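Below is one structure, written out as structure tokens, with a few remarks after it.
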Amino acid sequence: QAQLVESGGGLVQAGGSLRLSCTASGITGAINPMGWYRQAPGKQRELVANIYSSGFANYADSVQGRFTITRDMAKNTIYLQMSSLNPEDTAVYYCNVIVNPGRYNYWGQGTQVTVSA
């Protein structure tokens, strides 16, 4: 069945960087878009960034200019390069894909990102 495998989370000091990756497998159909969401304690899950096959990407205002999402379409993999991290970025980060036709929604298990002050 469909599976999203995430990696790259961990503990980092404020001002540091991390790179998350997510690879989708076992999916029949076109994956578009792929993206990252995050959820901090007491907050709703929110879109961090997503990217379409055309290369267009969307970013949350809070990460604009600090995070970069890229996609390797041949590998069904996305990356999230996170720089200038601050404690407000602490959250569980979830990979998300939309599969067409039908626009089915799949989620990874999440990877914890913790940014210390």
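The values are calculated or read from the model by the stated rules, or taken from the named source; none is laboratory data. Since this is a predicted model, take the numbers as computed values, not measurements. Cβ placement follows ideal geometry from the backbone for every residue including glycine, while neighbour counts extend to all protein chains displayed. Remember, those area values only see protein heavy atoms, side chains included, never the ligands or the DNA or RNA. Shrake-Rupley method; radii C 1.70, N 1.55, O 1.52, S 1.80 Å.
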Just to be sure, is R45 open to solvent by 20 Å² or more (accessible area, probe 1.4 Å) and of a type in the set (K, R)? yes
Taking into account only those residues within the range 94-110 that are more than 10 Å from I27 (Cβ to Cβ) and in a strand (DSSP E or B), which is modelled with the lowest pLDDT? N100
For the range 1-18, does any single residue satisfy the condition of being surrounded by 14 or more Cβ atoms within 10 Å (Cβ to Cβ), more than 12 Å from the chain's Cα centre (by Cα) and closer than 18 Å to Y106 by Cβ? yes
In the range 53-86, what residues are assigned to a loop (DSSP other than H, G, I, E, B) and either closer than 16 Å to E6 by Cα or among the acidic types (D, E) (or both)? D61, N76
Collect the residues in the range 69-93 that are of a type outside the set (S, T, N, Q) and open to solvent by less than 40 Å² (accessible area, probe 1.4 Å), keeping them in residue-number order. I69, I78, L80, M82, L85, D89, A91, V92, Y93
Only one of E46, E88 is closer than 21 Å to A24 by Cα and of a type in the set (D, E), namely E46
Considering only residues that are surrounded by fewer than 14 Cβ atoms within 10 Å (Cβ to Cβ) and not small (G, A, S), which ones fall in the range 108-117? Q109, Q112
Filtering the range 50-68 down to residues that are crowded, with 21+ Cβ neighbours inside 10 Å, closer than 18 Å to A24 by Cα and without any contact (Cβ under 8 Å) to a residue 40 or more places away in the chain yields I51
